[in-house]
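Engineer: Let me give you the structure first, and then I'll get to my questions.
Read-outs: derived from the displayed coordinates by stated rules, not from any lab. These numbers were taken from a predicted model, which means no experiment stands behind them. Counting neighbours? That spans all protein chains shown, and the Cβs are built from the backbone with ideal geometry, glycine included.
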Amino acid sequence: FLQIFLTKEHSSKTELSYIQLMIDEINQSEKIINDYLSLAKPDFEHVEMVDASNLANKVSDLMNTFAFMSKNISLKAEVEKEVFVKGNQSELNQVLINIAKNGIESMRSGGVLTIDVQKIGLYGVFKVTDTGIGMSPEEIERLGTAFYSLKEKGTGMGLMVCYQIVERMKGRIEVKSEKGVGTTFRVFIPLWDEGSV
C-alpha cells in the first residue's frame with residue numbers, strides 16, 4: 001500500500017519522502033528477519049556439488065548493478081575454471097552477495113571490487129577484495145559477532161550468518177584488512193570429491 005501511495009500525484013514532496021522512508025525501513029526490517037530465520041532454520045542437510053567458478057561469475061554479474069548504482073565503483077572477476085566445492089549453492093550465494101555488498105558499501109568515494117576463485121590445497125577459495133575504508137585488527141577480531149557492525153544501520157547479523165554457513169560446510173573465512181587501503185575476505189570451502197555424498 002505504501003508503494004501505491006508513492007505513485008499518487010497529489011502527495012506533497014514531504015509526504016513522499018516520509019512514505020519512501022517507511023518503505024526503506026520495512027525493507028531493512030525484512031532483511032533483519034531473514035537473517036534471523038537463516039540462523040533459526042539453516043538448510044545444512046542439502047549438500048551438493050557447486051560450480052564455484054560459475055557461482056562467482058553470477059554473483060559478479062548481480063553485484064555489477066549494485067556497484068553501478070554506487071559512485072565510481074568498478075567490479076572485476078578473476079575466476080579459475082573447473083573449481084567444484086562441496087556445499088549448499090543458495091547459502092554460498094547468500095555469503096558471497098553479503099560480503100560483496102559490504103565491500104561495495106565500504107568504498108564511499110569509489111574503488112574496485114574484485115571477486116576471484118582458485119584452488120588452494122583441499123579447498124576452493126572465493127576471494128573478495130575491496131579498496132574501501134579498511135578495518136583495524138580489533139574490528140576484524142569482532143567480525144561475525146551479533147550486533148557488531150561498522151555500518152550506521154547494521155546489526156552484524158549478516159556476517160554472523162555468513163560465518164555460521166561456512167562453518168557448517170566445514171570451511172572457514174579469513175580476513176585481511178588495512179585502514180584506508182581495503183579489505184580481503186577469503187572463503188574456504190572443501191573441494192568436491194567423487195566420494196562425496
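Engineer: Net charge within 14 Å of L2 by Cβ-Cβ distance, Lys/Arg positive one each and Asp/Glu negative one each, not counting L2 itself?
Structural biologist: Summing Lys and Arg as +1 and Asp and Glu as -1 gives -3.
Engineer: Moving on to the next point. Given C-alpha coordinates of segment 42-125, what is the ratio Rg to Rh with the Kirkwood estimate of Rh?
Structural biologist: A ratio of 1.01.
Engineer: Which of K81/K127; K71/K179; K8/K31; K58/K176; K101/K179 have a Cα-Cα distance over 22 Å?
Structural biologist: Pairs exceeding the cut-off: K8/K31; K58/K176.
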